[in-house]
Structure formats: structure tokens, C-alpha cells
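Take a look at the structure below.
The values are calculated or read from the model by the stated rules, or taken from the named source; none is laboratory data. Fair warning: this is a prediction, and the values are worked out from it, not measured in the lab. FYI the Cβ positions are ideal-geometry reconstructions off the backbone, even for glycines, and counts take in every protein chain you see. We work out accessible area using only protein heavy atoms, side chains counted, and drop any ligands, DNA or RNA first. Shrake-Rupley method; radii C 1.70, N 1.55, O 1.52, S 1.80 Å.
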Amino acid sequence: MAAFLLPITFFPKTYSYSFAETTMMIAFPVFALLILLQIYRFPSRIAKIIPSAQSFLLAGFFLVMQFISMFLSYQRSGDSIQTTGIIRSMIFLAGWIVTVYMSWALIVLTVTNHKEERLFIKSGLISLLIYMVIVLVPQLLVTLNNFSIRPYVNAIAHLFERHWMGRDFYAAGSYAVNNYRLNGFEPEAAFLANLLGVVYLPIILGIAITKQNFWHFKKHVALEKWFNWAFIGSILMFLVLARTTTGLITLVVAAVLWFLWSKRDDKIILIIFGIIAIVGIALGYFFVQPIHDIFYNFLFNKQGTSNRLGGTIALVLTFLSHPLFGVGYGFTGYFIMDYVPKSTTYNPEFQQVYKHIGYPVLSDGIGWFATYGLVIMIPALWMLARLIIRSLVVQRELKIRQPENWQWHLGTQISFMIMIILVAVSSLFVIQIFLWPYLLMFFFYRQMLINQEKELAL
């Protein structure tokens, strides 16, 4: 069963906007069925997925605090196009809580031993390779003006691509054909960058850094290393080709983390490759127009940033005006519109879209504080900090004791740390961390940490 989890998350199309996105994806009924099937096969495991009293209290506390925030915000906003409304917001929040629970339950029920751990990761990485070949490469050809491939790209986008409401990104049949940027099946290029950079890049980096025999290329030990490095290089390449600031920044941060965690001999090779890459990019920037356009338009001279700047300022002011309880889920847009500097609103996107359908959160990290307030964010960050500290302790013990499969365990802990850092970086922009792939990977790392602590008797 572990082999089916990550592959299903590559199909994120939302079939309704009336409930939380994750509950309206094909993954929701499939995962519900998998949970029931696992319980039927292993009845004794049902006790493992009954939340503790503490978990029920935390969920209840979260919902009560949010309801208070929404009620107070509604007194100010009333019925507005910029809000979701109290009833719908509570329905959405309930959907997100169900998603979190199901993600945790899936990992607990299906990833129970070393074999299933590897199967979970290997199936995801193999699916990513297939995804690159049948989805991303054709989209790349579209960006290079290959007109013959457009019907194919539009056809698979019609079946699987997730869309934003009220946007014209898909008027030509698909995002890639309409915008000449890679998005996979995600609604925008930045979300593809998050999927590749936050979900999959950390785990393959952890495998490469710890020099594992993960793919089991018999009699070809060197091939294992170069395959992993080529895999990483492919992901980094697609981060650039997605033509988004998120992808470029993720690439730089990931490359630095790869270097810092690598052993000395790998660092020498990485320095050589890095010099070659920098020289190649510099030459390409000055002499190859497509490369110049990517870095100039999406990094050095990025246009259309007034909404992000204005929205970020508004989010900071929203948080400062409601620091304790936040403004509540579904009401952030109203306060962004209230606090956004007028000088940043004189642009087509604001006038034609945000003004009429709502101002989205364009900096999720600040948005979390503005929406949920310190009463929720401080405990959440405290629990995350405890996990990070525990992971660092486990990493140290694994290096000292070197128990059976210690490289695999160490690799997953390194991957967890890289993922957390990349999430923190991406949260400066937009990242939907409550989608299926992010939650599954987080709970996978958490379960691995718990298992390793038991094995090491920590």
C-alpha cells in the first residue's frame, strides 16, 4: 500500500471549490479507501490511528480559537466578497483537519517497517521520473515553440491540471501553453517549484549525501552515485525552467545545503560543478536569450511585484492589529484589502482580479501569523522546534553508534532538516503546506524519527 501514496498526489485537480481543496481531489476517496482496506487487513492497527486525548484537545482548541477570531472579524467585515464567511470557513477548516488526520493515519497504517519505508520513497521518486518525462518535458517543448506537442499538453492538462478560480491562466487550454512556463499539473509555476523543491529534492539529497545503495544497481556502485546526482541535477534544471522566483531561490538554497552537508570528497566535486555551472549561467545570461530572460525577468528585474509588496505590508499590519488571535481563516483577504497601501494597487491584476474576487495571501509565512495569531502559532512553532531538536539528537547518535541501516535513517533525518529549511524559505512567498504531498512527507519524517528514537532507546 505504501507504494500508492505519493504517486496519487501527482493528480491535484480540484473538482469543486465548495470545500477544502484536498477533500475535492481524487486523492481523498482513494486514501479513504486505502485506510479502510488497511484496517480490514490489519484490524489490530486501528488502535494506532485513534488520536490521543491531547490531539483532540489541540484540535478543539484550534477550532474554538478560530471561531472566536472569525466571529470578531465578521463584526467588522460583514458579508463581503473578500471573506469566505463563518460557516464556509469552519467547513473548510474541518476539511483541512480531516486531511491532516488522514495523512497521519495513512503513514501510520502503511509505513510500518524498513521495507515499506523504502517502498514509500522509491515509488514516489520513480513516479517523479515518469512525471518529468510525460508531463514536464512536453511542457518544456511547448516553451520552445514546439506547436505539434500543444494538443497533447492541453489534453492531459484538461484531465489533471488544478486551476484557480477567476484567472485567465488557462485560456489557451493549459497553463504551459498559455504562459510558456512549466507548471506540471499545478495551478502555477511556483507551485511546481514547491512540489519539486520541498517534497522530492530533500529526500534525494539525503540519499546522495549519505551515499546509500538505494537503487541497488548490482555491480555498478559508482552508477548509484551518478544516478542520484543526475536526478538532483534534473530537479534543479526544472526549478530554473519553471521560470519563477521561488524556483530560482529554492535552487540556490538547496545547492548550499547540499554542499554544507556533503563529505569532503563530494564537496570538491560540487565546487568544480558549481564553478562550471556559474560560468555557464554567466555566459548564458549574456549570450543566450532564453537564459537571460529567465534570470532577468524572474530574479534580477522581476516585474509585477507591487501586489506582493502591498499584500505583505498589509499582512504585517493585519498581524500587528490582531496579534493574539489573528483574524481567522477566510477573513485575511478583507483585512489585506483594508491595509494594503493604495500606491501598490494601480496595476491590472489588482484592478481586474483581486478587487473583485478577493486578495490572496501572497506571503504564507506572515499570513499564518495574521490568520491564526500567536495563540496558535507559538505552540505550533514550539512543537516543530522540538521535532527539529530531536532530529539533531538522532543524527548525532546515528553517526556515533552506526546501527543497522544507519545510513538510511541518517539520510531521512537530513532530508527532514532540508525540507524544513526549504519550507521556511518558500513561506516567504506562497506554499500550501496542507496539501497531500507535503503532509505525507512530513508525517513520514515524523514517524521515522519516532521509530529511530525507539531503536536507539532515546
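So which of LEU422, LEU458 ends up being open to solvent by 10 Å² or more (accessible area, probe 1.4 Å) and on the phi < 0 side of the Ramachandran plot? Let's see the steps before the verdict.
Details: LEU422 fails: open to solvent by 10 Å² or more (accessible area, probe 1.4 Å).
Exactly one residue qualifies, and that residue is LEU458.
If we scan the range 49-65, do we find a residue that is of a type in the set (A, V, I, L, M, F, W, C) and either within 23 Å of the chain's Cα centre (by Cα) or crowded, with 20+ Cβ neighbours inside 10 Å (or both)? Break it down into steps so the answer makes sense when it comes.
Here is the first cut: in the range 49-65, the residues of a type in the set (A, V, I, L, M, F, W, C) are 49-50, 53, 56-59, 61-65.
Now narrow it down to the ones that are either within 23 Å of the chain's Cα centre (by Cα) or crowded, with 20+ Cβ neighbours inside 10 Å (or both): 59, 62.
Within the range 49-65, one or more residues are of a type in the set (A, V, I, L, M, F, W, C) and either within 23 Å of the chain's Cα centre (by Cα) or crowded, with 20+ Cβ neighbours inside 10 Å (or both).
Within the range 209-225, restricting attention to residues that are modelled with pLDDT under 90 and outside any loop (DSSP other than H, G, I, E, B), which residue is surrounded by the fewest Cβ atoms within 10 Å (Cβ to Cβ)?
ALA222
From the list SER77, SER89, SER69, which residue is touching a His at 6+ places or on another chain (Cβ under 8 Å), closer than 30 Å to ASP338 by Cα and crowded, with 17+ Cβ neighbours inside 10 Å?
Numbers: SER77 fails: touching a His at 6+ places or on another chain (Cβ under 8 Å); SER89 fails: touching a His at 6+ places or on another chain (Cβ under 8 Å).
The unique qualifying residue is SER69.
List every residue pair whose Cβ atoms sit under 8 Å apart, with the two residues 6 or more apart in sequence or on different chains, where the first one lies in the range 313-337 and is under 17 Å from PHE67 (Cα atoms) and the second, anywhere, is buried (at least 24 other Cβ atoms within 10 Å of the Cβ) and among the charged types (D, E, K, R).
Partner pairs satisfying both residue conditions: none exist.
Only residues that are in contact with a helix residue (DSSP H, G or I) (Cβ under 7 Å, 6 or more places away or on another chain) and open to solvent by 50 Å² or more (accessible area, probe 1.4 Å): list them for the range 117-149, please.
Of everything in the range 117-149, those that are in contact with a helix residue (DSSP H, G or I) (Cβ under 7 Å, 6 or more places away or on another chain) and open to solvent by 50 Å² or more (accessible area, probe 1.4 Å) turn out to be LEU119, LEU141.
Is there any pair linking a residue in the range 387-403 that is over 19 Å from PHE443 (Cβ atoms) and in contact (Cβ under 8 Å) with a residue 40 or more places away in the chain to one that is surrounded by 15 or more Cβ atoms within 10 Å (Cβ to Cβ) and of a type outside the set (Asp, Glu), with Cβ under 7 Å and at least six apart or on different chains, and which?
Going by the 7 Å Cβ cut-off, the qualifying pairs are GLU397/LEU456; LEU398/TRP406; LEU398/HIS409; LEU398/LEU410; ARG401/LEU456.
Quick check on ILE46: is it among the aliphatic types (A, V, I, L, M), open to solvent by 60 Å² or more (accessible area, probe 1.4 Å), farther than 21 Å from LEU195 by Cβ and not in a helix (DSSP H, G or I)?
Working: among the aliphatic types (A, V, I, L, M): yes; open to solvent by 60 Å² or more (accessible area, probe 1.4 Å): yes; farther than 21 Å from LEU195 by Cβ: yes; not in a helix (DSSP H, G or I): no.
Answer is no for this residue.
Considering (1) modelled with pLDDT of 90 or more; (2) surrounded by fewer than 17 Cβ atoms within 10 Å (Cβ to Cβ); (3) more than 27 Å from ASP293 (Cβ to Cβ), say which one TRP229 fails and leave the rest.
(2)
How many residues are farther than 14 Å from GLY310 by Cβ and surrounded by fewer than 18 Cβ atoms within 10 Å (Cβ to Cβ) if we restrict to the range 349-364?
Looking only at the range 349-364, we keep the residues that are farther than 14 Å from GLY310 by Cβ, and these are 352, 356-358, 364.
Within this subset, residues satisfying the condition of being surrounded by fewer than 18 Cβ atoms within 10 Å (Cβ to Cβ) are 352, 356-357.
Counting residues in the range 349-364 that are farther than 14 Å from GLY310 by Cβ and surrounded by fewer than 18 Cβ atoms within 10 Å (Cβ to Cβ) gives 3.
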